[in-house]
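To start, the structure under review is shown below, and the notes come after it.
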Amino acid sequence: MQTRKQKQRVTGGRHAGHMGHHGAGSGRRATTELDVRIGVFRQTAMQTPVLVLNASYEPINICGARRALVLVLKGVARTEEEQGTTLHAARMQVKMPSVIRLLEYRRIPHQTRALSRKNILLRDRNMCQYCQVVLTASELTLDHVLPRSRGGLSTWENLVACCHDCNRRKGNQLLHELTDMKLLREPRPFSLHTSRHIMRMIGSADPSWRRYLYFESGEAAA
């Protein structure tokens, strides 16, 4: 469950982020791996991030604990690492997984993911691409870099995660018409490289993931 301290660490950084956004750059703090974990997944027991491995032990995805538990109970996957918490149901008690492995090998196509709000937020690490504040999914919206009212399309290259404050400030203006807003990075399709980078970023904060993400001993993600 998301603690008050964790919540403050994510949303509390909002003030610092907006100070930097308006010119006081020294007020912005660095985004940590924990911020990304909290932002991408609401930290309730059933939404804690779980690393998904192929049958070959290759890391291929991240899902919420609820989805991971369904795969385990259906016999599609097995638990490789546990979180240390237990789900108490009417007829059974189940250890919550931290890492699961599919029992049958799945061929993962080298194509981009479907364009969706969830995948845009995941690609952008739940970080507003203007003020660089990490927020939970419900606190973010999608912004069309080239506004729809000016011919902008809903594509990977034109959609970015955006907080509601920045979305209101930008409105239907173009970035070159604004002096105090710019994109953190150029938006691109969600690639296999992006997926692996996100897994390493989130996994660097979880010791039980590290052995599956090819970290050197004692090193953090690049």
Quick check on the exposure proxy: order Tyr212, Tyr57 from fewest to most C-beta atoms within 10 angstrom.
Tyr57, Tyr212
If each residue of separation counts as 0.36 nm, what is the full-extension length gain between Asn172 and Asn61 once their alpha-carbon separation is subtracted?
36.4 nm
Work out, step by step, the length gained on full extension between Lys118 and Ser208: first 0.36 nm times the residue separation, then minus their alpha carbon distance; give nm to one decimal.
29.9 nm
Taking the convex hull of the Cα atoms, report for segment 57-172 its projected area averaged over all directions, in nm².
10.0 nm²
Net charge within 14 Å of Ile60 by Cβ-Cβ distance, Lys/Arg positive one each and Asp/Glu negative one each, not counting Ile60 itself?
+4
For segment 107-202, fraction of C-alpha pairs farther apart than 20 Å, in %:
35 percent
Between Leu153 and Glu82, what is 0.36 nm times their sequence separation minus the Cα-Cα distance? Round to one decimal in nm.
21.3 nm
For a protection proxy built on the mean count of beta-carbon atoms within 10 angstrom, sort 78-86, 130-138 highest first, please.
130-138, 78-86
Please report the net charge: other residues with Cβ closer than 11 Å to the Cβ of Glu80, K and R +1, D and E -1.
+1
How do Met96, Met181 rank when sorted from fewest to most other Cβ atoms within 10 Å of their own Cβ?
Met181, Met96
Please identify the trypsin sites (Lys or Arg not before Pro) of segment 113-202 that satisfy two criteria: DSSP loop assignment and at most 16 other Cβ atoms within 10 Å. Which are they?
Lys182, Arg185
Please compute the alpha carbon radius of gyration of segment 146-207, then divide it by the globular-protein estimate 2.2 N^0.38 Å. Two decimals is fine.
1.42
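Where a number appears in this text, it was derived from the coordinates with a stated rule and is not lab data. For clarity, every value in this text was computed on a predicted model and none was experimentally measured. Neighbour counts run over all protein chains shown; Cβ positions are idealised from the backbone, glycine included.
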